[in-house]
Structures are given as C-alpha cells and as structure tokens.
Amino acid sequence: MVRLIVVLFIVILVAACTNDELCIGKGINEIKLSFVESGSDPESVISITFDSIGVSGNPVAYPSYADTTLSVLTLEVDPDSTVTRFVFITSDRTDTLDLSYRVRPSFISVQCGPELLFSKLDTLGHTFDSLVIVQDIFDSEIDTNIKIYY
C-alpha cells in the first residue's frame, strides 16, 4: 500500500513538472499558397487583391479574409474532413480550390493526448489558370505548398 502511494506521488510530481512544450507536436493543418503570374519567365510572384477568401461549407469555424492584398497566403484545412474547398473572390472573378489530404491520429503521451497528423496534399479540382503542388506535406518549415498561376 505504501508503494502504491509513493508511486502515485511520483507520477503526480513528474506530471506537474513536465514542460508543456513537450506536448507540442508536429500536427499542423496549414498549407501555404503563393500566387505567380501566368506565363512569366522567370516566375514572378504577384500580389492580388481579394474581396474575400473563405472555406466553403464551414464559415463559422474558419476565419475568412476580406479586402486583402497578398502574394503569399497560409490557410487551414478542415481537420474534421479529408477534403476542403476554398473560395477566392476578387472584383472580377471567383475561383475555387478543392484539396484532399490524409488525416491520421497520433498519440503523443498520456499527459499530452492525441494529435492529428496531416499528409498527402493533393488537388481534386480548381478554377485557376493552373497550379503546381510544390510540397505535399504539412510542415511549418515549408515556404510554399502550392503555386497558383493567376
């Protein structure tokens, strides 16, 4: 009985002293887009003024951009699905980007719990001039996942 109490005390003490940074996993659901001028050689990144950018079907859970000019954009895919549709609206056109990806739960530890790992980014469809997937992995260190030719 004494051993049980000592073991429980040690477990509680270790759990209280554990650094929260150990629970930060690699599970991010962000992708990075860059906009490139179609037909430019060498490729030149361009800035585009969007009236809005949002996620189709789940507008409450995701922030949308309004009246924004940008050349590089970070967007979050839906963690509750394996497909997300983004809608890009400018003053003269509306474009969509349908992305698919793999979502796999991963267990970090008892204290930290599970995390979701995202991988295998792919396009199901889009209405842009063209696009190229540069990196199909989800990683905060990546500069660009997808180049969109506009």
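Show the residue pairs that are 6+ apart or on different chains and have beta-carbon atoms under 6 Å apart, the first residue being within the range 118-132 and in contact (Cβ under 8 Å) with a residue 24 or more places away in the chain and under 19 Å from R102 (Cα atoms), the second being surrounded by 13 or more Cβ atoms within 10 Å (Cβ to Cβ) and among the charged types (D, E, K, R).
L121/D136; L124/D98; G125/D98
Of the residues F107, F128, only one is among the aromatic types (F, W, Y), in contact with a strand residue (DSSP E or B) (Cβ under 6 Å, 6 or more places away or on another chain), farther than 15 Å from I31 by Cα and not in a loop (DSSP other than H, G, I, E, B); which?
Selected residue: F107, the only one of F107, F128 that is among the aromatic types (F, W, Y), in contact with a strand residue (DSSP E or B) (Cβ under 6 Å, 6 or more places away or on another chain), farther than 15 Å from I31 by Cα and not in a loop (DSSP other than H, G, I, E, B).
Identify the single condition in (1) among the β-branched types (V, I, T); (2) more than 12 Å from the chain's Cα centre (by Cα); (3) more than 17 Å from K32 (Cα to Cα) that V103 does not satisfy, given that it satisfies every other one.
(2)
What is the one condition in (1) closer than 22 Å to I48 by Cβ; (2) at pLDDT 95 or above that K120 does not satisfy?
(1)
Of the residues L73, L97, which single one is surrounded by 15 or more Cβ atoms within 10 Å (Cβ to Cβ), under 22 Å from E141 (Cβ atoms) and modelled with pLDDT of 80 or more?
Every option except L73 fails the conditions.
Determine, yes or no, whether G27 is small (G, A, S) and modelled with pLDDT of 80 or more.
no
The values are calculated or read from the model by the stated rules, or taken from the named source; none is laboratory data. The structure presented is a predicted model; accordingly, all values stated were derived computationally and were not measured. Note that each Cβ is placed from the backbone with ideal geometry, even for glycine, and that neighbours are counted across all protein chains shown.
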